[in-house]
1. Just wondering, is there one or more residues in segment 63-77 that are over 14 Å from residue 10 (Cα atoms) and exposed (fewer than 10 other Cβ atoms within 10 Å of the Cβ)?
2. Quickly run through segment 11-53 and pick out the residues that are polar (S, T, N, Q) and under 22 Å from residue 69 (Cα atoms).
3. Going by what's in this entry, would residue 13 be described as charged (D, E, K, R), surrounded by 15 or more Cβ atoms within 10 Å (Cβ to Cβ), modelled with pLDDT of 90 or more and out of contact with any Leu (no Cβ under 7 Å at 6 or more places or on another chain)?
4. Consider segment 22-54. How many of its residues are closer than 17 Å to residue 73 by Cα and either more than 10 Å from the chain's Cα centre (by Cα) or of a type in the set (A, V, I, L, M, F, W, C) (or both)?
5. Any residue in segment 1-27 that's touching a residue at least 40 places away in the same chain (Cβ under 8 Å): show its pairings with residues that are surrounded by 14 or more Cβ atoms within 10 Å (Cβ to Cβ) and not in a helix (DSSP H, G or I) at Cβ separation under 9 Å, as long as the two are six or more apart or on different chains.
Amino acid sequence: MISCRDAVRQLWDFLDGAIADADRRTVEEHLSFCRRCCGEVEFAHELRTFLASQASAGIPPEVHARLLSVIDELTEAG
């Protein structure tokens, strides 16, 4: 079983389908029980969708604040 730190480190590659099958299964196993990391995946997916659809518009303040919060958490965990 992997830790939240390891799952989050692999998050973008996981979403891109750019990790090995064994790593993908390990992340999926972690996501099957970890609500926090499921929230991170949902947020990352929403952020990616938003950025793709609003590339020329500014990021709303609440999205910017949440993004900074996630980055801070990742920095502290690393």
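1. There is at least one residue in segment 63-77 that is over 14 Å from residue 10 (Cα atoms) and exposed (fewer than 10 other Cβ atoms within 10 Å of the Cβ).
2. Selection gives 49 alone.
3. no
4. 9
5. As it stands, the answer is 4/34, since those pairs meet every condition given.
The values are calculated or read from the model by the stated rules, or taken from the named source; none is laboratory data. All values derive from a computational prediction rather than experimental measurement. Every residue, glycine among them, receives a Cβ derived from its backbone with ideal geometry; neighbour counts consider all protein chains shown.
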